[in-house]
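What follows is a set of notes on a single structure, which appears directly below.
The values are calculated or read from the model by the stated rules, or taken from the named source; none is laboratory data. Source: prediction; values computed, not measured. Don't worry about glycine lacking a Cβ; one is built from the backbone with ideal geometry, like all the others, and counts go over all protein chains shown.
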Amino acid sequence: MVATKTRLTDIAEHAGVSTATVSRVLNGKATVSDATRRAVLTALDQLGYERPERLRSNPAGLIGLVVPELSNPVFPLYAQYVERFLSDSKYTPLLCSQGPGGTTEDEYIEMLVEHNVDGIVFVSGLHADSRSDVARYERLLGLGIPLVTINGTNPQLDVPAFSLDDRAAMEMAVRHLVSLGHREIGLATGQDRFYPTLHKIEGFRTALGKYLGTDAARVVTSLYTTEGGRSAAAALLNEGVTGIVAGSDLMALGAIAEVRSRGLSVPDNVSVVGFDDSPLMAHTNPPLTTIRQPVETICRSAVATLVTLIEGSTATNIETLFTPELVVRGSTGPVSS
């Protein structure tokens with residue numbers, strides 16, 4: 001137990017509450033709101049103190065959390081929030097992170113089935129691939145294992161799906177660049193086999209028609225990486241674009257690198273818009289204008305739905321779309337004359 005006054009003060013300051021409130025939480029008093037209790041426990045964990053025995057939750061069961069490789073900073077953010085909301089619901093998350101040459105999604109699925117998980121959350125998995133077979137997910141449903149998907153609603157899969165409105169995101173990005181005087185705008189995005197990419201391309205084309213009166217969309221597909229962004233940007237710059245919308249923040253950083261390699265400046269010569277607003281994008285050079293995903297809200301909704309399914313509710317393929325937000329920073333500016 002945290003006993004000294006100094007430690008209570010540290011925790012109170014970190015959580016933004018009084019020492020009396022910290023004491024009530026640590027002593028298991030019921031007169032504290034869930035939000036305050038969570039803030040104190042988070043402070044306790046982050047400061048490296050061990051929770052008192054009475055505050056250690058008894059898990060209700062195991063939930064699989066399957067995410068792509070964690071080199072893209074938005075995916076650790078998704079994992080963090082899903083784990084937090086599962087823990088709030090007394091479930092223990094089993095994190096399954098994929099990587100090139102590592103354990104595959106299908107191998108993780110077999111492992112999770114063997115561990116008798118109560119449900120699974122898939123983030124940007126094979127469900128998002130339009131060429132992928134949904135039989136792996138139908139098998140899970142046949143085994144009575146509820147699941148939800150995040151980012152990449154698959155129309156062939158009858159499960160609750162939670163995604164950003166990619167079409168609306170593209171409209172925001174294009175409208176912003178057009179408002180700055182840009183008329184030559186290109187899209188550098190991921191492979192068009194993925195549903196989020198297809199929706200981005202569709203939204204980009206629609207926005208160009210709406211704001212510039214053209215269907216001549218410059219779209220280059222590549223990998224959702226800095227290298228992919230750089231190669232896609234190279235092709236777009238060769239076509240004379242002054243504004244680039246990227247399919248991810250990593251692609252945007254790659255695009256900026258390519259612009260600079262040509263002796264040009266961002267945003268003086270070329271404006272770049274990212275996608276995700278992943279951690280640290282406010283601290284890049286220049287700070288990145290980007291489309292923010294409401295990651296916390298998406299994860300909260302997905303976990304809440306999964307818990308109700310585990311508790312016996314039924315579900316159909318209902319897609320919940322979340323509204324993006326344009327965050328304007330220093331990587332976009334007026335078109336150069």
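On inspection, Glu258 fails the criterion of being outside any loop (DSSP other than H, G, I, E, B), touching a residue at least 60 places away in the same chain (Cβ under 8 Å) and farther than 19 Å from Leu208 by Cβ.
Of all the numbered requirements in (1) within 17 Å of the chain's Cα centre (by Cα); (2) in a helix (DSSP H, G or I); (3) of a type outside the set (A, V, I, L, M, F, W, C), Thr149 misses one, and that requirement is (2). Please find, among Asp133, Asp158, the residue that is in contact (Cβ under 8 Å) with a residue 60 or more places away in the chain, surrounded by fewer than 17 Cβ atoms within 10 Å (Cβ to Cβ) and over 13 Å from Leu198 (Cα atoms). Just a single option satisfies the conditions, and that option is Asp158. From Pro287, Pro267, grab the single residue that is in contact (Cβ under 8 Å) with a residue 12 or more places away in the chain and more than 22 Å from the chain's Cα centre (by Cα). Among Pro287, Pro267, only Pro267 is in contact (Cβ under 8 Å) with a residue 12 or more places away in the chain and more than 22 Å from the chain's Cα centre (by Cα).
When region 245-273 is filtered for residues that are more than 19 Å from Ser336 (Cβ to Cβ), touching a Lys or Arg at 6+ places or on another chain (Cβ under 9 Å) and among the small types (Gly, Ala, Ser), the ones remaining, listed by number, are Gly247, Gly254, Ala257.
Could you please find all residues in region 256-281 being small (Gly, Ala, Ser) and either modelled with pLDDT under 95 or in contact with a Pro (Cβ under 8 Å, 6 or more places away or on another chain) (or both)? Give the derivation first.
Let us first name the residues in region 256-281 that are small (Gly, Ala, Ser), namely 257, 261, 263, 265, 271, 274, 278.
Within region 256-281, just Ser278 meets the criteria.
Being closer than 25 Å to Leu164 by Cα, touching a residue at least 40 places away in the same chain (Cβ under 8 Å) and not hydrophobic (A, V, I, L, M, F, W, C) is not true of Tyr91. Only one entry in Ile291, Ile310, Ile318 is closer than 17 Å to His182 by Cβ and either at pLDDT 95 or above or in the same structural domain as Leu77 (by TED's automatic domain parsing) (or both), namely Ile291.
For Leu237, are the conditions met, namely being touching a helix residue (DSSP H, G or I) at 6+ places or on another chain (Cβ under 8 Å), on the phi < 0 side of the Ramachandran plot, in contact (Cβ under 8 Å) with a residue 40 or more places away in the chain and outside any loop (DSSP other than H, G, I, E, B)? In short, no. Filtered by the rule that a residue be part of a helix (DSSP H, G or I), at pLDDT below 80 and β-branched (Val, Ile, Thr), region 3-21 gives a lone residue, Thr6.
Quick check on region 64-111: of everything there that is in a helix (DSSP H, G or I) and among the acidic types (Asp, Glu), which residue is surrounded by the most Cβ atoms within 10 Å (Cβ to Cβ)?
For region 64-111, the residue satisfying everything is Glu83.
The single condition among (1) within 30 Å of Thr214 (Cα to Cα); (2) surrounded by fewer than 20 Cβ atoms within 10 Å (Cβ to Cβ); (3) modelled with pLDDT of 95 or more that Met170 does not satisfy is (2).
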